[in-house]
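What follows is one structure encoded as structure tokens, with my remarks underneath.
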Amino acid sequence: MISLPQLWLPILVSAVLVFVASSLIHMVVKWHNSDYLTLYNEEEVRAAIRKTNPAPGSICSPASRT
């Protein structure tokens, strides 16, 4: 019978390999790139956001938070 301490190394190695593989799929292969859709008037939206000059890190206005 194999004890749990003997399995820690294979568990950690497999976790690292899964992380690296998923990172490569998302960054190199861009498997899910089609999941992120753009707005039909994205440039106008960007210009409107730039016009308000939001502070760094502010994603939405306090009024729209629920």
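Between Leu24 and Asn41, the distance separating the two model label sites (each 7 Å from Cα on the Cα→Cβ line) works out to 4.4 nm. Can you give the translational diffusion coefficient of the chain in µm²/s, computed by Stokes-Einstein from the Kirkwood radius over Cα pairs at 4 °C and 1.567 mPa s? It comes out at roughly 77 µm²/s.
Entry note, the chain: the mean residue ellipticity at 222 nm calculated from DSSP H runs of n ≥ 4, each adding -39500 (n - 2.57), is -16000 deg cm²/dmol after division by the residues and rounding to the nearest 500.
Bear in mind that the values in this text are calculations on the coordinates, not laboratory data. Since the model is a prediction, treat every value here as computed from it, not as a measurement. FYI the Cβ positions are ideal-geometry reconstructions off the backbone, even for glycines, and counts take in every protein chain you see.
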